[in-house]
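Worksheet: the structure to be examined is printed underneath.
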Amino acid sequence: MSMWDHDTTPEARAEVIRIMRELTPEAKLLQVAALTQAVREFAMAGLRARHPLASPEELRWRFAALVLDADTARRVYGWDPTQERY
């Protein structure tokens, strides 16, 4: 199953692909950067909703625990999300 299977006509799919092929490498990188930032903001919003009393520092640690493996998060931040439950 692909992202196109549910609600995209073959014509619309072809048009999106054509537009994407015409983008410069810089434009593609800018899109990737914007999407990465959006995902980060959604993740932080979810963390704030689940941990409303967490400090900004704790939220950074929790975000790191989402994107790093547990050993790296513990080594870099000295914080174990499996032990620190607020």
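The values are calculated or read from the model by the stated rules, or taken from the named source; none is laboratory data. In this text the structure is predicted, and so the values were computed from the model without any measurement. When we count neighbours, we look across all protein chains shown, and the Cβ atoms used for this are built from the backbone with ideal geometry, even at glycine.
Data overview
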| item | result |
| --- | --- |
| Close pairs (7 angstrom Cβ cut-off, 6 or more residues apart or separate chains): over 21 Å from Glu41 (Cα atoms) and of a type in the set (Phe, Trp, Tyr) in segment 57-86, loosely packed, with under 10 Cβ neighbours inside 10 Å and modelled with pLDDT of 90 or more anywhere | Tyr86/Leu53 |
| Cross-chain or 6+ apart pairs with Cβ under 8 Å, segment 7-22 first and without any contact (Cβ under 8 Å) to a residue 24 or more places away in the chain, then of a type outside the set (A, V, I, L, M, F, W, C) | Val16/Thr8; Met20/Lys28 |
| Every pair of residues 6+ apart whose Cβ atoms lie under 8 Å, when the first sits in segment 24-49 and is on the phi < 0 side of the Ramachandran plot and basic (Lys, Arg) while the second is assigned to a helix (DSSP H, G or I) and surrounded by 10 or more Cβ atoms within 10 Å (Cβ to Cβ) | Lys28/Met20; Arg40/Phe63; Arg48/Leu59 |
| Arg40 vs. criteria out of contact with any helix residue (DSSP H, G or I) (no Cβ under 7 Å at 6 or more places or on another chain), among the basic types (Lys, Arg) and modelled with pLDDT under 85 | no |
| Those residues of segment 7-58 which are among the polar types (S, T, N, Q) and under 30 Å from Arg74 (Cα atoms), in sequence order | Thr36, Gln37, Ser55 |
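Residues are listed down the side, and each one gets a yes or a no for (1) loosely packed, with under 11 Cβ neighbours inside 10 Å; (2) within 30 Å of Gln83 (Cβ to Cβ); (3) modelled with pLDDT under 95:
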residue: Thr8; (1), (2), (3): no, no, yes
residue: Ala12; (1), (2), (3): no, no, yes
residue: Thr24; (1), (2), (3): yes, no, no
residue: Lys28; (1), (2), (3): no, no, no
residue: Ala33; (1), (2), (3): yes, no, no
residue: Thr36; (1), (2), (3): yes, yes, no
residue: Arg48; (1), (2), (3): no, yes, no
residue: Ala65; (1), (2), (3): no, yes, yes
residue: Ala70; (1), (2), (3): no, yes, yes
